[in-house]
Each structure stands twice: as structure tokens, then as C-alpha cells.
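To start, I am sharing the structure in question, which I have written as C-alpha cells.
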């Protein structure tokens with residue numbers, strides 16, 4: 001347990017940051033799931049609209065270093081390919 005005032009404050013700040021980051025990670029995963037759900041439904045227009053909304057969420061979370069930029073790029077690439085494959 002933190003004994004000094006400084007350590008107690010850092011513990012409070014760390015907990016606050018952890019909760020915020022957990023919320024951001026959840027938003028990242030939810031955005032991906034929404035696109036996948038639209039793809040499974042077979043509605044290409046909805047899938048494209050959902051994908052566009054998800055890209056901004058994914059990029060903002062990658063910019064904050066909650067997920068690595070390459071992980072975000074990989075997810076965007078795979079989702080984009082899945083949306084494009086719907087026409088074929």
C-alpha cells in the first residue's frame with residue numbers, strides 16, 4: 001500500500017488512467033464488432049457506413065497509444081477487405 005502522499009496520488013492517477021484506457025479498449029472492440037455484425041447481415045451500405053464510423057474510433061485510440069498503430073491498421077485493413085468482398 002502507498003505510504004507517502006505522493007505515492008497515494010500516483011495510485012489514484014494510475015487507477016483513473018486504467019479505467020479510462022479500459023473504456024477506450026472496449027470502444028475499439030465494439031466498433032470492430034459493429035462492422036462484423038453489419039457484414040454478417042449482408043447489408044453492404046450499412047457495413048460501409050459502420051466501417052467509416054469505426055475507422056475514426058480506431059484511429060483516435062491508436063493515436064492515444066492504447067493500441068499499437070500497426071494493430072489498428074491491421075484491423076482496418078481486414079475490415080475494409082471484408083466489406084469490399086461483400087460485392088463479389
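How about the range 26-36: which of its residues are in contact with a helix residue (DSSP H, G or I) (Cβ under 9 Å, 6 or more places away or on another chain) and loosely packed, with under 13 Cβ neighbours inside 10 Å? Quick ask: steps written out before the conclusion?
To start, the set of residues in the range 26-36 that are in contact with a helix residue (DSSP H, G or I) (Cβ under 9 Å, 6 or more places away or on another chain) comprises 27-28, 30-32, 34-36.
Scanning the range 26-36 gives a single hit, 30.
Also, I was wondering about something else. Of the conditions (1) at pLDDT below 95; (2) surrounded by 10 or more Cβ atoms within 10 Å (Cβ to Cβ), residue 87 satisfies every one except a single condition; which number is it?
Going through the list (1) at pLDDT below 95; (2) surrounded by 10 or more Cβ atoms within 10 Å (Cβ to Cβ), residue 87 breaks only (2).
Hey, another quick one. Those residues that are in contact (Cβ under 8 Å) with a residue 24 or more places away in the chain and within 10 Å of the chain's Cα centre (by Cα), I need them from the range 25-40; list them, please. Can you show your working first?
Residues of the range 25-40 in contact (Cβ under 8 Å) with a residue 24 or more places away in the chain: 25, 27-28, 31-32, 35-36, 39.
Matches in the range 25-40: 25, 27, 28, 31, 32.
Per-residue answers, yes or no, for (1) touching a residue at least 40 places away in the same chain (Cβ under 8 Å); (2) surrounded by fewer than 14 Cβ atoms within 10 Å (Cβ to Cβ); (3) at positive phi:
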site	(1), (2), (3)
2	no, yes, no
14	no, yes, no
23	no, yes, no
42	yes, yes, yes
47	no, no, no
54	no, no, no
63	no, yes, no
67	yes, no, no
76	no, no, no
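The values are calculated or read from the model by the stated rules, or taken from the named source; none is laboratory data. Keep in mind that what you see is a predicted model, and the values were worked out from it rather than measured. When we count neighbours, we look across all protein chains shown, and the Cβ atoms used for this are built from the backbone with ideal geometry, even at glycine.
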